[in-house]
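A short write-up of the structure that comes next.
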């Protein structure tokens, strides 16, 4: 009996490792939970076995698919699960044990081998550039697209050092405050107890403030390729400084890279991003990407007065009603929609392109983002009220 | 004592739920059974209107336990969720002590912060012993509150204990049955989910939805119920912003029975579409011709099945 239990534990352990390799975060605690669950569940069929493990190992709806795949591959051998189930029953006779199932080790190797390949994509060489003051001045104004590798490295450093905004929204939660207007009776009473209840010194509560979430939608199509890497550095810096930042990349498809970008080291974060995204530097389908965002993500990430940064040049080939519809929906579901367009660097930029014309009426603000200076301004803008001079309607009026 | 009423297998869990007209699929019953056996909280996620909250209610009625509900909202804090002191009574007690010439400050403090002046809110109530057995604690729509409250729940859900600074730690002798629900309007932190058994409640398939419909709307005609379910199932395949949930199906079915409809026709569907779809964009997308096409599809499907 003890031996068969050991084998079950081993197999669950291997399965947990396979899940981890497949990208489902499974801690050692979950393995213990799984063993406990199997022992209390009196599993009788393959389905029960599946759902028992599912209940313990899967903590996110997105992982159901991965779990299903891993389960199928891992327990592919016919009759294997039945054997496992039999091994859990107390009446199993000892002496029936065979050698460990050959499948387990092989599948484990198969699942693990993919991992090493992904890790080999290493970041490029870091160039250490020390610049004089005038160089720095130059750097701030220089378009990202015209920078050399060394300058880009310096720009990355500067981005990492950007002081990040302290944008705040009032929440409905209360916090002790000297200037609040609600009496905090709990603290008041505690304070008056100190004086034996003779003096009642009123304490107050005021609304607590908190940073609103930021959601960035970054276009990674071919026309934006010179900017995307630096924007990602920018987003990495923002993610590092603030808690609630969600980042999506889109070209022809929408990819959520928030988890990847949360890694401490920017280059590792970028490498993890690139590993996740299939359509790097391809075409753009803004409308369909926004549609996917609106449908699958908007309700999950746009709560609590979120600010959306839409980073794209707006050059959409098939700009039609769907684009207008989707951008309108996006606008309606967030607190503030800021469009960052690197094309605005050109003095003579006009809203002639169809895509630009479609998007413009629906954004709260349109800003350039092509050099460090404009990035700094954006950071400033994020911390305050919408600035003048970036009203998208001005541009529309110019064209009309 | 308590174990007698708890189901002893996955099948009996299914039966238990069915007794209260909750038609669950086997995966849900498995998770529920495990949660009951292992004494772990159950974290249920899913679209609105698929019967997440109902699970807790059904559990409470079938097991004969008390249902304690904590509806989450932004700004939910300890004084609304856990405990609050009865300040008025405390003030009076202090004054009385003074009038009686009680000068010992530590004594007053000890008396004032005692059980007598404690107002228990849902979480603390759930930890108290109950003659009917541990209560069912429903923490509803946890995604509506903020991260700070989640962090607080960690202590409650992991050890079933709460620390009241003035009184000490309150620990449940028998842990309550905890059901946490979320509509996924924001991601709940992994640390909280890790302590729970997770389950995603999806839309039911046609067969199960039909069973649910017949259990919940007993007076409905056989033909109408089949058509309603087939239509809603077809609707869920459309590219809608918000697909109708089971709750909408039930509402629609009872609306149709109220209107004495015996079979669906395009005009009735268009008139009552507001019961199923709650977004204007979705309603405009489903214009007369689209409804007719869907209905024809549903009818031919049902005819083929006969």
From (1) closer than 30 Å to residue A:322 by Cα; (2) surrounded by fewer than 17 Cβ atoms within 10 Å (Cβ to Cβ); (3) under 27 Å from the mean Cα position of the chain (by Cα), pick out the condition that doesn't hold for residue B:277.
(2)
Segments classed as helices (runs of 4 or more DSSP H), wholly inside segment A:251-309, with at least 2 members that are modelled with pLDDT under 85
A:258-261, A:266-276, A:298-301
Condition check for residue A:234: crowded, with 18+ Cβ neighbours inside 10 Å, touching a residue at least 40 places away in the same chain (Cβ under 8 Å) and within 12 Å of the chain's Cα centre (by Cα)
no
Criterion: out of contact with any strand residue (DSSP E or B) (no Cβ under 8 Å at 6 or more places or on another chain), part of a helix (DSSP H, G or I) and surrounded by fewer than 21 Cβ atoms within 10 Å (Cβ to Cβ) - qualifying residue of B:209, B:150:
B:150
Out of the residues in segment A:51-66 meeting the condition of being within 22 Å of residue B:13 (Cβ to Cβ) and more than 8 Å from chain B (Cβ to nearest Cβ), tell me which one is farthest from the chain's Cα centre (by Cα).
A:53
Given the structure, is residue B:31 in a helix (DSSP H, G or I), within 11 Å of another protein chain (Cβ to nearest Cβ) and either buried (at least 22 other Cβ atoms within 10 Å of the Cβ) or within 14 Å of the chain's Cα centre (by Cα) (or both)?
yes
Counted residues, segment A:172-213 - those being closer than 30 Å to residue A:305 by Cα and in a loop (DSSP other than H, G, I, E, B):
10
In segment B:78-90, is there at least one residue being over 30 Å from residue A:34 (Cβ atoms), in a loop (DSSP other than H, G, I, E, B), at the interface with chain A (Cβ under 9 Å from one of its Cβ atoms) and touching a strand residue (DSSP E or B) at 6+ places or on another chain (Cβ under 9 Å)?
no
Given (1) exposed (fewer than 15 other Cβ atoms within 10 Å of the Cβ); (2) within 10 Å of chain A (Cβ to nearest Cβ), where does residue B:131 come up short, assuming only one miss?
(2)
Residue check: is residue A:234 modelled with pLDDT of 80 or more and within 28 Å of residue A:354 (Cα to Cα)?
no
Looking at residue B:24, is it surrounded by 15 or more Cβ atoms within 10 Å (Cβ to Cβ) and not in a loop (DSSP other than H, G, I, E, B)?
no
When you look at residue B:124, is it more than 11 Å from chain A (Cβ to nearest Cβ), closer than 30 Å to residue A:39 by Cβ and part of a helix (DSSP H, G or I), yes or no?
no
Do we find a residue being farther than 24 Å from residue A:246 by Cβ, assigned by TED's automatic domain parsing to the domain that holds residue A:221, modelled with pLDDT under 75 and not in a helix (DSSP H, G or I) anywhere in segment A:338-346?
yes
Of the residues in segment B:40-75, those that are over 14 Å from the mean Cα position of the chain (by Cα) and at pLDDT 90 or above number 6
Can you tell me which residues in segment A:40-50 are more than 8 Å from chain B (Cβ to nearest Cβ) and either touching a residue at least 60 places away in the same chain (Cβ under 8 Å) or buried (at least 22 other Cβ atoms within 10 Å of the Cβ) (or both)?
A:43
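The values are calculated or read from the model by the stated rules, or taken from the named source; none is laboratory data. Just so we're clear, the structure is a prediction, and the values are computed from it rather than from any experiment. Positions of Cβ are generated from backbone atoms using ideal geometry, with glycine treated the same way; all protein chains shown enter the neighbour counts.
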